[in-house]
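Contents: one structure, followed by commentary.
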Amino acid sequence: MYTRPIANPANAHTLHTALTHIEKRLNAISQPTPEPLPDIDTLLNTATQTTSPPLALTHLCTTFNLTPFERNTLLLCAASALIPYFPQLCIEAQGSQQYPYPTFNLALNLFGNPGVSFGGDEAMNALSPTSPLQYWQLVNTEPSVPLPISPLQLDNSILLYLLGQPYQDTQLMHLIQPLDTPIPPTLQPSHQQISDRITQLWQTNPNSQDSLAEPLVGAGLVTSGNNGNDKGKTRPYTLDTPQSNLPIIQLCNTTPSAAAAIITTVASLLNRPLKRLEAHRLPTSLQDVSHLIRRWHRDAILTQSILFLDCQDFNTSHTPHLEALCHFLKAIHTPLIISTPQRLPSAQRPFITYDIPSLTHLEQLYLWHTHLGEITTQLNGEIPALAAQFNLTETDIQAACIAFHSDIAQLQTPAKPKGRKKPTTTDTAFPLSPLTTHLWDICRIQSRPRLEDLAQRLEPTATWDDFVLPEPELKLLKDMVNQVRQRVKVYTEWGFGQKSNRGLGISALFAGQSGTGKTMAAEVLANALRLDLYRIDLSAVISKYIGETEKNLRRIFDAAETGGAILLFDEADAIFGKRTQVKDSHDRHANVEVSYLLQRMEAYQGLAILTTNLKESLDQAFLRRIRFIVKFPYPDAASRAKIWERIFPKETPTRKLDYAKLGKLQATGGNIRSIAMNAAFFAAEEGKPVTMQHLLDATRQECAKLERGITSPEIQGWVK
């Protein structure tokens, strides 16, 4: 007799009763007895009538509307999995060594309607592909074997569920992961409003009976109605049948952590389990996607789960992946929330989209004060500067505060700085205290974008004292610094941002021939603002494929938005130039790319800079949309002399350098730096300080590289 212990006592009693009865029935086939066996329905009703909550077997039968024959076939398969000597029982009952396993023929013999052809309609319908046993893959068969004699095997996940374990589909575990939904996190008001709207929408959807106020099984996946010979019994729809009007929720333009917080809150408020699927892990075969959906539908019905589809790393330009995603969205009919950087294509069912806003300035201030705690008083009221510059999520702010608290003891211990450059009188000092500056650097590092394939991060070393530029242009650069620092006060506190949200980004064009200091100026700004600097080669970003350039630009701006890094778009001539007459779709799209870049620059929370060697080639209509235009002139003799004075680091030994005479050489700042460095190598090899002779040798080398000659007046008096 079957005596194997089972984990859950209530389920154990029911299964023990059922499996014992099935064993007796099998024995009765090979060893008939005069006494009639009791009816299994009566036995199960007696075993389950006082059980609350419903047993796993009861819930499974009710949820998938199993007929008594289907339920008994399921139990026959459970017996095969749980009774060690079951193969011998099958051989004896079926009279053949070829069948040491349960089959539909055996089920018909055991549970079919005696005296009726093929066991009756109920038994025959169980063989249909649309029957719950097969459609929901509760019982698996061998496709290459005729169905009546095919081995029947209970799905492992269903077996564990019958044993009282929480349901978890072993075939989905590598793709779909359960997420904890603890007490809902405290969202900030702008995000809590969206969470509340989603919760309300799903609780009281007036256009559908699929509201989550009702059990998920009522969402059309299993529905009652006349289906052929079912005589009004409940049968499942097939996956290509429209089943649910419950709208898909789409969260756009959001960071992964902000979306996860909103989705977790929704699941907690609805008291539903939450599971996550990364969209880029979807199979590309549509047949595999259909299999995945069916397995997920079964999971969702049994667990009442909400699915969180994470599309943050999904590549919409990859056609097979996009087709698989579209098929998935069209076919899924359970509660679904999507997190995506951009809107996904319609799935021929209701899509409700929410653009998730960044936390407001006041919300960020509140989070900074909350997570910093008492240390806030030591920061001299400088927290608004952090909230103004860094557009962080609550998770980012919390992580930054944890790192700051771990460093605070060391920061408060007086220590003599080593090897740091002392600020000079002309340097624009960073306007925050040492403690806040350290927290600022934590935020800057934490918010660095992932742009390795599209941008190069530069380590800015140049300061105002290293830089030579005419006073009007120098003033423009300092005005740019001031506008970046004061934009929150002007836009938020003084209301300019409420008047209009257009043109609030701080954009600049640096125009001048190569070597006149455009990149160095960007370094000076990054140093003054203590921000990261990224150089983007626009010629590498531009794609010949329509739409790809905008996609690359979107990635750059979206990734950089959090930390407000300075974006330096080099060689703007590659994308700008005179607006051409539109002759074909490529000309039209080239103008679209330019407009998109300017639009993103105007809205960017940081500083975006374009560089060009040919300002005259740029269309005036585009130039009007740029806030600062800084011209970098070819340096005159006086400017060149100043550049020579500042080009050598203080550690470099020099002897009798005449900067006035050096200034007569026709060269840009970039050429002067190259000459100075080569001269330093000549001097280092000789073990001597840098002299005018070394500079003359380096000048000849540089001019030979540039394929230009040197006039006598340029080097007159350099050496005797």
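The values are calculated or read from the model by the stated rules, or taken from the named source; none is laboratory data. These figures come from a predicted structure and were not determined experimentally. Methodologically, a virtual Cβ is constructed for each residue, glycine included, from the backbone with ideal geometry; neighbour enumeration extends over all protein chains shown.
Of note:
- In the stretch 292-331, of all residues being farther than 28 Å from L270 by Cα and over 18 Å from the mean Cα position of the chain (by Cα), the one that is modelled with the lowest pLDDT corresponds to T319.
Rundown of residues vs (1) out of contact with any Lys or Arg (no Cβ under 9 Å at 6 or more places or on another chain); (2) more than 24 Å from E645 (Cβ to Cβ); (3) at pLDDT 85 or above; (4) of a type in the set (S, T, N, Q), yes/no style:
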site: S447; (1), (2), (3), (4): yes, yes, yes, yes
site: L454; (1), (2), (3), (4): no, yes, no, no
site: L458; (1), (2), (3), (4): no, yes, yes, no
site: F467; (1), (2), (3), (4): no, no, yes, no
site: D479; (1), (2), (3), (4): yes, yes, yes, no
site: V484; (1), (2), (3), (4): yes, yes, yes, no
site: V490; (1), (2), (3), (4): yes, yes, yes, no
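- Test: residue in the stretch 47-69 that is at pLDDT 85 or above, under 19 Å from S150 (Cβ atoms) and assigned to a helix (DSSP H, G or I): yes
- Checked against the criteria, K664 counts as modelled with pLDDT of 90 or more, touching an Asp or Glu at 6+ places or on another chain (Cβ under 6 Å) and farther than 30 Å from V594 by Cα.
- Matching residues, the stretch 624-639, being in contact with a Lys or Arg (Cβ under 8 Å, 6 or more places away or on another chain) and either closer than 20 Å to F510 by Cβ or in a loop (DSSP other than H, G, I, E, B) (or both): I629, K631, F632
- Residue list for the stretch 373-415, restricted to those being among the small types (G, A, S) and exposed (fewer than 14 other Cβ atoms within 10 Å of the Cβ): G373, G381, S406, A409, A415
- Enumeration of residues in the stretch 440-461 that are surrounded by fewer than 16 Cβ atoms within 10 Å (Cβ to Cβ) and of a type in the set (S, T, Y): T461
- Residue match in the stretch 420-432 (condition: surrounded by 11 or more Cβ atoms within 10 Å (Cβ to Cβ), hydrophobic (A, V, I, L, M, F, W, C) and at pLDDT below 75): yes
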